[in-house]
Structures are given as structure tokens and as C-alpha cells.
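Remarks on the structure that follows.
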Amino acid sequence: MEKTMVYSKEDHEMIVSIWDRLKETIQYDKLDPEDRAMIQKAYDLGYHAHHKQRRKSGEPYFIHPLEVAIIAKKEIGLGPTAIACAILHDVVEDTPVTQEEVEEMFGSKVGQIVDGLTKLDGMYNVESPQAANFKKVLSTLLDDVRVVLIKMADRLHNLRTISSMPQHKQLKIAAETSYIYAPLAHRLGLYNIRTEFQDICMKITEPSNYQFVKNKLKESKDERRAYIDSFVRPLKKELDEMGLTYEVTGRAKSISSIWNKIKTKKVTFEEIYDLFAIRIIVDVERKKEKAACWQVYSIVTDVYRPIPERLKDWITTPKSNGYESLHTTVIGPEGRYVEVQIRTSRMNEIAEKGFAAHWKYKGVNNQHDSFENWFDSIRDLLDNANADAIEFVTDFKTSLFREEVYAYTPKGDMIVLPKGATALDFAFAIHSDVGYRATAIKVNNKLVPMGQKLKSGDQVSVTTSRQQKPSESWLKMVVTGKARSKIRSAMKEERRKRGEFGMEALMRKLKNLKVDYEEGVDTLVKHLKLKSRPDLYYKIAQEELILNDVLKQFDVEHGKLLPRKLQQEETKEEVTLKEEPRSKVQPTPINNLLINGEPADTYKHTLATCCNPVQGDRVFAYLTANQEIKIHRVTCPNATHMIANYGYRVLKAEWSTATNSNFVVDLQIIGVDDGPGVIQRMTQTISNDLGLNIRSFSIEGKEGFFMGKVSLVVKNSDQLFIAIQKLTKIKGVTNVVRL
């Protein structure tokens with residue numbers, strides 16, 4: 001067969017073995033003949049189309065689409081059409097196969113999905129090609145959610161095999177994943193995939209911390225297993241007497257979530273009480289699910305004392321991504337807190353497979369479609385066709401919230417909003433027109449500011465007026481993407497209407513001067529360094545530009561506006577005078593830093609003040625809009641946003657050799673206020689034992705504990721690490737964190 005001709009024997013056998021695994025996963029022999037033929041045809045096309053390509057690891061590229069198809073079925077639960085699309089997801093982007101050929105061979109539906117999975121080309125005129133591609137993929141949610149689900153599988157396989165990629169490429173992929181893919185996986189109910197995304201991203205950006213938690217979990221594995229067994233034993237006895245079919249499992253929390261708790265709660269690994277969760281899954285028919293879950297809850301809380309405020313009931317009110325479960329925390333043996341999750345087999349399948357499983361149960365026994373409101377909000381975002389791609393992605397991210405607030409209309413209809421949403425967000429969530437026209441809002445029958453944050457259970461009523469219009473200040477009162485998008489859209493429309501007066505005034509002036517309108521307007525926009533014609537019209541209408549003064553800078557010749565030469569020279573001189581002082585203040589060069597493999601002093605660069613990198617930190621270079629280079633730590637709070645949206649501005653940066661340069665770092669020190677002496681112990685350790693200079697030091701004691709901030713001058717990250725270790729061991733000090 002000719003298939004064996006385009007690959008070496010070894011490569012062919014490797015591909016066939018994965019193809020066999022895929023067929024086993026999708027139960028190929030049990031599929032309808034039509035579906036079998038479609039998937040076989042997709043395999044044949046992909047096999048030949050990708051035959052010249054290799055992955056960075058050296059393997060045949062076609063292995064990747066096959067693995068993506070396996071993930072799409074095994075971990076997301078997609079059907080035959082999606083499997084064929086997963087196999088084909090890169091053929092249009094990476095091979096000579098065209099979109100038209102795919103549609104001709106497989107039909108419009110497969111063609112539409114493959115087109116959604118194909119990156120946009122030729123986007124050099126947009127501010128962020130990455131954001132434009134995000135927008136294209138996310139826009140497909142309303143047409144066919146399978147595009148996004150296959151994209152999730154694609155991203156997951158790329159992350160699982162990312163070790164063969166260069167470090168700077170790994171950082172870019174991790175940033176994109178953290179910024180949009182992980183929150184989106186959560187919003188689609190793909191909890192396992194979201195967790196793996198977060199863990200792999202942490203492994204890339206914080207490898208030492210990742211390894212630390214991983215080793216700690218490994219060390220405590222046997223002890224954890226023994227504790228889980230002792231916890232579950234009395235529960236099983238009670239559950240058996242109930243006569244239900246059930247399964248009890250115990251699992252460790254993810255590495256990334258454990259590290260997040262260590263950071264946010266400022267505790268040690270040993271101090272985290274909920275390292276694992278117990279899950280009880282009962283198998284009952286749909287109409288008995290709620291009663292069975294509460295029955296199990298009753299047994300758990302009879303055996304162990306519950307902590308009432310830790311009860312979360314997502315069975316009565318499922319999460320907006322379809323998640324249903326009862327969560328409670330109880331005090332187990334040895335006084336340890338244990339999280340217990342109670343759900344049914346159906347709920348567990350939705351929790352594991354997310355949207356695909358939700359779709360399977362849609363309409364069963366009037367199952368509520370929890371995604372419909374979300375799709376409506378995305379539809380509202382997409383309605384704003386002129387929205388900038390970065391604006392769209394930023395607004396879209398607000399729809400991927402993890403924590404929710406449940407508020408109610410006066411008629412009792414429930415509105416689900418992200419935590420932190422305001423009364424004005426609620427108005428826009430009801431309907432865009434209600435938001436536009438909102439004049440007063442009452443929460444629980446009390447008049448409140450529009451920007452007041454809502455709490456679960458609040459009842460909200462909105463008073464409207466036809467005369468009301470959104471203003472710029474409203475943008476500061478809302479957090480949801482829908483509200484922000486609609487307010488911006490209304491303001492752009494208002495700006496356009498006002499600009500029409502400016503346009504008419506300009507047309508009259510240019511007509512009187514006998515200047516060609518089209519050419520004259522473009523000359524003015526360019527000369528005044530404005531972004532667009534509407535900006536020019538608006539500034540004229542608002543009298544920010546006085547037309548007579550502007551036109552005095554030009555001569556009219558042959559129907560054209562020509563800037564006067566004298567004015568040009570004055571402008572140049574003025575610019576030189578303004579820029580000269582800046583050129584005198586040059587940043588101190590960092591001699592031991594390489595940017596794109598070249599000495600950093602060949603570039604104009606500075607260390608970013610948002611994260612203050614030191615010698616030895618993992619860093620990257622970012623080209624700002626002012627063409628200056630800032631050096632950021634990989635773990636900088638702003639890194640994810642910059643790399644995810646402006647990856648083309650990110651340059652490779654690395655430290656070369658040891659240096660005599662000094663770096664300032666800030667540390668926060670927390671401890672027990674046990675009277676005089678703690679300040680002396682800290683300063684003695686820093687100055688005498690470590691030999692470091694203190695740039696600044698402040699400390700405040702309150703109700704039995706103290707919090708201090710110290711700025712130290714260090715040479716590199718190793719010296720900083722030793723300083724943190726030494727300070728942590730001082731009597732009375734409980735935690736030391738780099739700020």
C-alpha cells in the first residue's frame with residue numbers, strides 16, 4: 001500500500017500503533033459505517049499531508065493530530081465528527097491542503113470546524129495577532145463548541161510534549177494557557193484538563209517550587225493513604241447499611257493548587273490541612289439523586305463533626321458551568337480537616353467531561369441548560385463588531401469567572417454573576433437596554449450606588465429612564481465583559497454622532513480652500529499623529545482642535561495641503577528640545593545579561609520595577625510601545641498578560657556570568673510579637689551574619705503578631721535564597737516572602 005512509501009518503516013509503525021490506539025479508544029468497529037469511513041478518510045488525508053513535517057522532538061508530526069483525537073474522545077468525550085476534525089485540525093494551516101478541499105471531501109460541517117481551528121494569516125496590521133486568533137477561536141463557541149473543545153485537546157497534548165521546545169517558546173505557551181485556556185477549561189467544566197494545564201504551566205514558570213511540592217507529596221504519600229483508609233473505614237460501614245451502590249476515592253489536591261495556598265495563606269506545606277479530598281459517588285436514578293446525596297451527607301456528618309460554614313450546595317443550585325456536587329469539610333481523626341465531595345455518577349461524568357457530558361444529559365428530565373446564559377453573554381460581546389481584539393479577549397476573560405454570586409430580580413428570577421459584580425452589572429445582565437437606561441438601583445429595597453458589589457441572595461430592582469445615557473465613569477463601576485463592552489459600544493456611538501458635526505465643519509473649510517477632501521483629511525490625520533479620521537472629527541467637534549489654527553500650519557497648492565517648511569523646522573527643533581533631557585538620563589547597563597543572545601548593553605534596557613529581577617532569576621525581555629526593553633521575572637504578576645497578548649514583543653533574556661552588580665529586593669517578614677529583641681535579631685542576621693546592606697526597614701506590631709518590610713541589596717538569587725532561609729529561622733519569625 002502506498003502509505004508505507006512516504007514514511008520510513010520505523011515512523012510508519014509508530015503512526016500505525018497510535019492509530020490502533022485511537023481506534024480502540026473510539027470503538028472504531030462499533031461505529032456506523034458512515035462515521036468509520038469519515039474517520040478513515042481523515043486519517044488517510046492527514047497521513048499523506050503531514051508526511052514532510054517533524055515535531056521538535058524529531059517524531060513524525062502526524063502523531064500529534066492522532067494524539068489530539070485520542071484526548072478529544074477519552075478525556076472530553078467527543079463524537080465521531082469531532083474525532084475526524086481533530087485528526088484534520090492542522091492540515092489547512094500547515095500543509096498544502098486547502099480549506100476548499102477539506103469542505104469538498106468532508107462536507108460543510110467538518111469544513112467549518114477545521115476553519116475555526118486554523119490560525120489567521122497575514123495579521124501584521126493588528127496590535128496583537130495572538131488576541132486576534134483568540135477572538136477567532138472564541139467566536140466559534142456560538143456556532144460549534146467543538147472547535148474550542150478540540151483546541152483544548154490540542155493545547156493539552158502540546159503541553160504534555162513541551163519539553164522539546166526552547167525555553168522562551170515554553171514561556172509563551174504557558175502564558176497563553178494560564179491567561180485564557182485554563183480559565184476557559186474551568187468555564188466548560190473540564191476540571192481535570194484545567195488542573196493539568198495549571199500544573200504544567202507551574203512546572204514551566206516555577207520549576208523549583210513545582211518540584212518542592214511534588215517531592216513533599218511523594219514523601220507524604222504513604223502517610224496520606226493510611227489516613228484516608230482510616231477516615232473512610234467507618235463511613236463505608238454506614239454506607240453499606242444504606243444499601244446504595246457507591247464508590248469512595250481519596251485524591252491529593254493538585255500541585256498548583258497546593259502551591260497557591262502556600263503563597264496566599266503564607267503557610268508551610270505541613271500547615272496545609274486540606275491536602276486531599278474524599279469523593280463519594282453514588283449510583284442512583286436521576287429522580288432520586290438529590291435525596292441520595294443528602295442521605296450520604298447525613299451519614300458523613302453523623303460520623304464526623306462538620307464545619308457548617310464550609311458547606312457548599314451545588315446540587316440545589318448548580319454552578320453556571322453545569323457542575324453539581326455537595327462539598328463539606330469535617331474534622332477527621334487527629335483533628336485534621338478533611339474535604340468531602342458527594343455526587344452521583346451522572347454528576348461525576350459532567351464534572352470529569354464538562355460540556356460534552358452536559359450536552360449528553362441536556363433535556364433529560366428537564367435538565368437545566370446552565371450554559372445558555374453564558375452563550376447569551378458571549379453573543380452580546382460578539383455583537384460589537386468593531387471591538388478591538390484585545391478588548392474582546394479581556395472582556396471575554398471576565399465571563400470565565402470561578403466564583404459566583406446569585407442575585408434575584410423582584411420576580412424571583414436568578415441572575416448568576418462573577419464574584420465582585422456590581423448593581424450596574426446586574427442591570428446589564430437583565431438586558432442591555434436596562435443597563436443603558438439605569439438611573440437608580442435598589443438592593444433589598446434600599447437605594448444603593450450603581451457600583452455597589454452584590455452578595456449572593458441580594459434582590460435587585462432597577463429604575464430606568466429613556467433620557468439616561470452611559471458615561472465613561474460607568475466603566476469603573478462594572479466588572480463583567482458584557483457590561484464593559486456595551487458601555488464602550490454606546491460611548492463609541494455617541495462619539496461618532498458628535499464627530500459628525502466636526503466632519504461637517506471640516507468639509508466646509510476644505511471646500512472653501514478648494515482642497516481635495518479625501519487627501520486633505522488624511523494629511524491632517526497624519527500630521528496631527530491621530531489614529532483615525534473619527535478621532536480628528538471628534539476633536540474638532542469638542543473644540544480640542546481649532547480648525548483655523550491647525551490650517552495656518554499649511555499652504556494650499558494644486559488642491560493639496562502642504563505643511564509649511566518653517567513649521568516643519570520649528571517642529572523638529574521643538575521635538576529635539578523635548579527629547580534631549582531624556583537622552584541624558586540613561587539606565588545603568590546590566591553587564592551580565594544577554595538579550596536574544598547578545599550583550600544587553602547593545603539595547604536600551606532597564607529592570608522592571610513591578611517585579612525587581614535579580615541575578616539568577618528566570619527572566620524575559622519585553623519591548624515596550626516606546627521601543628524600550630524592560631527585563632521582567634518569569635513569575636512577574638504582569639508576565640501572563642504581556643506574553644499571552646504581545647508574544648511578538650517578547651525577547652529571550654538570560655544571565656551570562658556572575659557579576660558585581662547589585663539588586664534591590666523587598667521582603668515581607670511576619671512573626672509572633674514576643675516583646676523586645678526581634679528587630680535586633682533580624683538586623684543582626686542581615687548585617688552581621690549575611691553581610692548585606694539594608695536599604696530600608698519598617699515594622700509594625702499588632703495583637704500578638706508583627707509584620708515588617710525590609711529592602712535588601714543583594715548580588716543574585718542565591719544570596720537572596722540564603723537570606724530568606726536565615727531570616728525564617730530567627731526566633732519569632734513565621735514567614736518570609738519576597739514581594
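The values are calculated or read from the model by the stated rules, or taken from the named source; none is laboratory data. In this text the structure is predicted, and so the values were computed from the model without any measurement. Note that we place each Cβ from the backbone using ideal geometry, even for glycine, and neighbour counts take in every protein chain shown.
Data for the structure
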{"quantity": "Count of region 437-451 residues which are under 25 Å from residue 404 (Cβ atoms) and crowded, with 17+ Cβ neighbours inside 10 Å", "calculated": "5"}
{"quantity": "Long-range neighbours under 6 Å by Cβ, at least six apart or interchain, first residue closer than 15 Å to residue 456 by Cα within region 386-406, second modelled with pLDDT of 75 or more and surrounded by fewer than 18 Cβ atoms within 10 Å (Cβ to Cβ)", "calculated": "403/419; 405/419; 405/456; 406/414; 406/456"}
{"quantity": "Residue match in region 416-425 (condition: among the small types (Gly, Ala, Ser), over 26 Å from residue 491 (Cβ atoms) and surrounded by 13 or more Cβ atoms within 10 Å (Cβ to Cβ))", "calculated": "no"}
{"quantity": "Which listed residue, of 640, 635, is among the β-branched types (Val, Ile, Thr) and part of a helix (DSSP H, G or I)", "calculated": "640"}
{"quantity": "Residue check, residue 67 among the acidic types (Asp, Glu) and either in contact with a Cys (Cβ under 8 Å, 6 or more places away or on another chain) or touching a residue at least 60 places away in the same chain (Cβ under 8 Å) (or both)", "calculated": "yes"}
{"quantity": "Residue within region 173-190 that is touching a His at 6+ places or on another chain (Cβ under 9 Å), among the basic types (Lys, Arg) and closer than 30 Å to residue 620 by Cβ present", "calculated": "no"}
{"quantity": "Matching residues in region 226-277 - criterion: being surrounded by 15 or more Cβ atoms within 10 Å (Cβ to Cβ), part of a loop (DSSP other than H, G, I, E, B) and either assigned by TED's automatic domain parsing to the domain that holds residue 193 or at pLDDT 85 or above (or both)", "calculated": "253, 254"}
{"quantity": "Filter result for the condition that a residue is within 17 Å of residue 268 (Cα to Cα), surrounded by 18 or more Cβ atoms within 10 Å (Cβ to Cβ) and outside the structural domain of residue 268 (by TED's automatic domain parsing), over 727, 712, 692, 720", "calculated": "727"}
{"quantity": "Matching entry among 139, 164 (being touching a Lys or Arg at 6+ places or on another chain (Cβ under 6 Å) and at pLDDT below 90)", "calculated": "164"}
{"quantity": "Only listed residue being modelled with pLDDT of 90 or more, in the same structural domain as residue 86 (by TED's automatic domain parsing) and not small (Gly, Ala, Ser), chosen from 121, 115, 154, 144", "calculated": "154"}
{"quantity": "Hits in region 278-319 - residues which are touching a helix residue (DSSP H, G or I) at 6+ places or on another chain (Cβ under 6 Å) and either in a loop (DSSP other than H, G, I, E, B) or free of Cβ contacts under 8 Å to residues at least 40 places away in the same chain (or both)", "calculated": "283, 284, 315"}
{"quantity": "Region 410-451, residues that are more than 14 Å from residue 482 (Cβ to Cβ), among the β-branched types (Val, Ile, Thr) and touching a Phe, Trp or Tyr at 6+ places or on another chain (Cβ under 9 Å)", "calculated": "441, 443"}
{"quantity": "Residue match in region 21-28 (condition: among the basic types (Lys, Arg) and either within 30 Å of residue 191 (Cβ to Cβ) or assigned to a loop (DSSP other than H, G, I, E, B) (or both))", "calculated": "yes"}
{"quantity": "Region 146-188 - residue that is assigned to a loop (DSSP other than H, G, I, E, B) and buried (at least 17 other Cβ atoms within 10 Å of the Cβ) and, of those, nearest to the chain's Cα centre (by Cα)", "calculated": "188"}
{"quantity": "Where residue 476 falls short, out of the listed (1) under 25 Å from residue 135 (Cα atoms); (2) basic (Lys, Arg); (3) not assigned by TED's automatic domain parsing to the domain that holds residue 433", "calculated": "(3)"}
{"quantity": "Any chance residue 447 is aliphatic (A, V, I, L, M) and in the same structural domain as residue 427 (by TED's automatic domain parsing)", "calculated": "yes"}
{"quantity": "Leading residue by the ranking (surrounded by the fewest Cβ atoms within 10 Å (Cβ to Cβ)) among those in region 488-523 that are aliphatic (A, V, I, L, M) and touching a strand residue (DSSP E or B) at 6+ places or on another chain (Cβ under 7 Å)", "calculated": "513"}
{"quantity": "Tally, over region 213-225, of residues that are out of contact with any Ser or Thr (no Cβ under 9 Å at 6 or more places or on another chain) and either among the β-branched types (Val, Ile, Thr) or surrounded by 11 or more Cβ atoms within 10 Å (Cβ to Cβ) (or both)", "calculated": "9"}
{"quantity": "Some residue of region 647-657 being in contact with an Asp or Glu (Cβ under 7 Å, 6 or more places away or on another chain), in contact (Cβ under 8 Å) with a residue 24 or more places away in the chain and among the charged types (D, E, K, R)", "calculated": "no"}
{"quantity": "Lone qualifier among 86, 37 - being outside any loop (DSSP other than H, G, I, E, B), surrounded by 15 or more Cβ atoms within 10 Å (Cβ to Cβ) and small (Gly, Ala, Ser)", "calculated": "86"}
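For (1) in contact (Cβ under 8 Å) with a residue 12 or more places away in the chain; (2) not β-branched (Val, Ile, Thr), each residue gets a yes or a no:
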position	(1), (2)
419	yes, yes
426	yes, yes
431	no, yes
444	yes, yes
448	yes, no
468	yes, yes
473	no, yes
476	yes, yes
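Quick grid of which residues meet (1) within 27 Å of the chain's Cα centre (by Cα); (2) modelled with pLDDT of 65 or more; (3) surrounded by fewer than 19 Cβ atoms within 10 Å (Cβ to Cβ); (4) under 20 Å from residue 191 (Cα atoms):
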residue: 322; (1), (2), (3), (4): yes, yes, no, yes
residue: 337; (1), (2), (3), (4): no, yes, yes, no
residue: 351; (1), (2), (3), (4): yes, yes, no, yes
residue: 392; (1), (2), (3), (4): yes, yes, no, no
residue: 413; (1), (2), (3), (4): no, yes, yes, no
